[in-house]
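Here is the structure we will look at, set down as C-alpha cells.
Nothing in this text is a laboratory measurement; each read-out follows from the coordinates by a stated rule. Bear in mind the structure is a predicted one, so any value in this text is a computation, not a measurement. Neighbour counts are summed over all protein chains in view; Cβ atoms, including those assigned to glycine, are modelled from backbone coordinates with ideal geometry.
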Amino acid sequence: MRRMEGVTYLDYSATTPVDPRVVEAMLPYLTERFGNPNSLYRLGREAHAALEDARERVARSINAAAASEVIFTGCGTESDNAAIIGIATANGRSSGHVVVSAFEHHAVLEPAHALAKRGFTVTELEPRPDGTVYPEDLEAVMRDDTVLVSIMHGNNEIGTLQPIAELAKVAHAHKAAFHADAAQTLGKVDVDVQALGLDAMSFSGHKIYAPKGVGVLYLKRGTPFAPQMLGGGQESRRRSGTQNVAGAVAFAAALEIMDEERPREAPRLAALRDRLVEQVLSRIEHARLNAADAPERLPHIANFIIPGCEGEAMLLHLDAAGFAVSTGSACSSGSLKPSHVLLSIGLPPELAHGSLRVSLGRWSTEADVDAFADALVPIVEKLRKMNPLYEKTIAALTRGA
Amino acid sequence: MYSEKVMEHFANPRNVGVIEDADGVGEVGNPVCGDVMKITIKVADDRIEDIKFQTLGCGAAIATSSIVTEMAKGMTLAEAAAITKQQVADELGGLPPAKMHCSVLATDGLKRAIDDYLVRAGRDPIGGKILSEDPDFDPHGADDECEV
C-alpha cells in the first residue's frame, strides 16, 4: 500500500500520506460521532471525551507535565506563530529582544519579522557550517532584555538536530522563554519536553501520517502567553475556535504508532538514508552532502548539492521519471531565491541553487533509493552537458577543495 | 505552473550545444542568480543559418532558450534582434510572472550573439539594450532579491 501510481514518493518532509490505521481511528469523528465538543448533549460529550483523550495521549507521548499543556491548533505554522507572538507579547509587552536561528522555517522567521515591525529587536543567529546552533553562540547574543529564544529541534531541509536542552539552559539562565519547532522531529526522535527543558514546542500532524489541518502547541504551565485566536475561549482560552476533533484523534493515533514503531523504523530509515548518500556521492562526481559534519542528524533527510545543475531542473526531470523530491523546503518552491537554510550554513548562492532534498518515510524501500540514484545519474549528465559554465564551476570547486 | 509547451521544450530542448566555429557568441546571466545562457550563431547573407544554446537554469530558462533558437533560426539579424520577451513567452503558451526574467535572458543572449557577429564584421550593433544588464532589472521578480 501507499504506492502511488507511477510515483516514487521521496518527499516525506514536505508531507506524509495518512496512515490507514489513522484514518480508521479518526473516521467515526467525521461521521456518526460528529458532535461539537463544546455541546452539552451526548454527541457533544462524546466528542469532548475523544478530544480530551487525544490530548492526554499526546501529553503522555511528549512527557508533558499535564494534558492541559497540549493545545490543539490548525497546523504547525499556527503553533509557531502562536508561540512566537503569544509569548513575546504576553502581558501587553511591546518591546524586547527575541532570538531565532537564521535557518528557521518561515513559520518562525515571519512572526519574528512581524515582531520587529512592532518594536521588538530580533537577532537571527547563524548556525555553523555543520548545520548546528551551538550554546556558546547563543550565549554570545543573549541580552538582559531577551524575552524569547526560538531554535528548531531538527532542520527541515538539511536534517540536522540541535542541542535543544543545552540551548534552553542558556535561554533560561537569562530568564528568557525557549520555544522549539519540532515539526520534523516529532515521532522520529525522542521528544521529551521536560527533559529538553522547553517552555513551548510546535508540532504538525501531516508530518506524522495524520492529515493536514491539525497541529499541536505544547505550552508549559505558567508560561506567559497572549492568545492570537480569540473567540469562544476553547483550548483553555489559549486558542479559540471549535476544535478539529477528528484531527486531534488522528494526531494522537499517528503519534502513538510512530512511538511504537520508532525502535525499528529509525534505524531502518537511517540505513536507507546512508545507502542513498553512498549511492549519490559515489555515482555523481563532485556531489556533496550538505552539513555532512553535523554531530547529530535526523534519520530520514539527506540534502545534496549537485554542482553544475539547477535544482528545479533536476526536480522536473525527476518528476518526469516518476520521483517526487524537493529542492529545499516545499514552502520555498514558489521562490527563486536559493534556500535561506543553505545560505545560512555558508554555501555560496551559485552552489545553493543546485540543491536536492530527499526525505524518506514509512513506505520507502531500498529499491526506491536505488531506482532514484539510477534515475538521477543521467539527468545530471544531461544538465551538466547543457551548462555553459560547467567546466569553470568544477575548476573553481577543485581549486576551493 | 508551466504550460505543456514549456514542459515539452524543457524535456526535449531543441538546438542544444555549441557551434564551434560560430560567427557570433552571446552569453548572459549570472550563476549567483541561478541562470546563465550562451547562444552561438552561424550567419549567412545576414540571416541566422544555424543557432545553438547552452543553459544553466530552471525549467523556464531551458524552455525559453530552446524556443528562442527555434524562433530565430532562418530570420534576418534585424528580425531576430527584434524578438521580444513577450513573444518568447507567448510562443511557449505563457510563463509564470516570476519566470518572465527567463525570456529576458533568452532574448538578451540572442541580441548579444547578433551584436558580437556584427562587431566582429566591423558593423554597428543592432541588438539594442541588454535588459538583464539594466541596474533596475530584477532577475527574480519584484519580491525576490539577488545580489549580483
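General observations
- Divide the volume of the convex hull around the Cα atoms of region A:199-355 by the residue count and you get 182 Å³ per residue.
- Cα Rg, Dmax (largest Cα-Cα span) when computed across region B:27-148, Å: 13.7, 44
- Degrees, to the nearest 10: A:42-62 long Cα axis against longest axis of chain A: 50 degrees
- Charge dipole magnitude, Cβ of K and R +1, D and E -1 - region B:1-113, Cα centre, debye nearest 20: 300 debye
- Nearest 10 degrees, 0 to 90: helix B:59-72 Cα axis against chain B principal axis: 30 degrees
- Rough spin-label spacing in nm, given labels placed 7 Å along Cα→Cβ, for B:E133 and A:L43: 7.2 nm
- Hull volume in cubic angstrom per residue (convex hull over the Cα atoms of region A:12-78): 118 Å³
- Within chain A, the longest run free of chymotrypsin sites (Phe, Trp or Tyr not before Pro) that sit in a DSSP loop with at most 14 other Cβ atoms within 10 Å is A:42-401.
- Counting only Cβ charges, +1 for Lys and Arg and -1 for Asp and Glu, the dipole size of the protein assembly as shown around its Cα centre is about 1380 debye.
- Note: relative contact order over chain A, using C-alpha pairs below 8 Å and six or more positions apart, is 21 percent.
- If you plug the beta carbon distance of A:A195 and A:A271 into 1/(1 + (r/R0)^6) with R0 = 25 Å, you get a FRET efficiency near 0.40.
- One decimal place: the segment A:A371-A:H172 gains 66.9 nm when fully extended, by the rule 0.36 nm per residue minus the C-alpha distance.
- Above-threshold pairs, the threshold being 20 Å between Cα atoms, out of A:K382/B:K38; A:K385/B:K52; B:K5/B:K42; A:K337/B:K38; A:K117/A:K169; A:K337/B:K129: B:K5/B:K42; A:K337/B:K38; A:K117/A:K169; A:K337/B:K129
- Only Cα sites of region A:199-260 enter the Debye sum here, all with the same form factor; the resulting log10 I(q)/I(0) across q = 0.12, 0.14, 0.21, 0.24 1/Å is -0.33, -0.45, -0.91, -1.07, listed in q order.
- Chain A: angle of helix A:366-386 to the longest principal axis, Cα-based, in degrees nearest 10: 50 degrees
- Where a label projected 7 Å from the Cα of A:D145 along Cα→Cβ would reach, residues of region A:103-125 with amide N under 14 Å: A:116-123
- Evaluated on region A:143-252, the Kirkwood hydrodynamic radius is 15.1 Å, with distances taken between all distinct Cα atoms.
- Among the trypsin sites (Lys or Arg not before Pro) found in region A:135-183, those both in a DSSP coil and sparsely packed, with 11 or fewer other Cβ atoms within 10 Å of their Cβ, are A:K175.
- Applying Stokes-Einstein at 4 °C and 1.567 mPa s to the Kirkwood radius of the protein assembly as shown, computed over alpha-carbon pairs, gives a translational diffusion coefficient of 51 µm² s⁻¹.
- Dipole axis of the protein assembly as shown (+1 Lys, Arg; -1 Asp, Glu on Cβ), positive-most option in A:A200, B:L105, B:I19: A:A200
- Rounded to the nearest whole Hz, the Karplus-based 3J(HN,Hα) values (6.51 cos²θ - 1.76 cosθ + 1.60, θ = phi - 60°) of region A:269-286 follow the sequence 5, 4, 5, 5, 4, 5, 5, 4, 4, 4, 5, 5, 5, 7, 9, 10, 4, 6, with x at glycine and proline.
- Positive end of the dipole of region A:218-261 (Cβ unit charges, origin at the Cα centre): among A:F251, A:G231, A:G241, the Cα lying farthest that way belongs to A:G231.
- For chain B, the relative contact order works out to 26 percent when only alpha carbon pairs closer than 8 Å and six or more residues apart are counted.
- Relative contact order (percent, whole number), region A:253-346, Cα cutoff 8 Å, 6+ residue spacing: 20 percent
- Using only alpha carbons, region A:81-218 has a radius of gyration to Kirkwood radius ratio (Rg to Rh) of 0.94.
- Taking the alpha carbon gyration tensor of region A:277-384, multiplying each eigenvalue by 5 and rooting it gives semi-axes of 19, 17, 14 Å, largest first.
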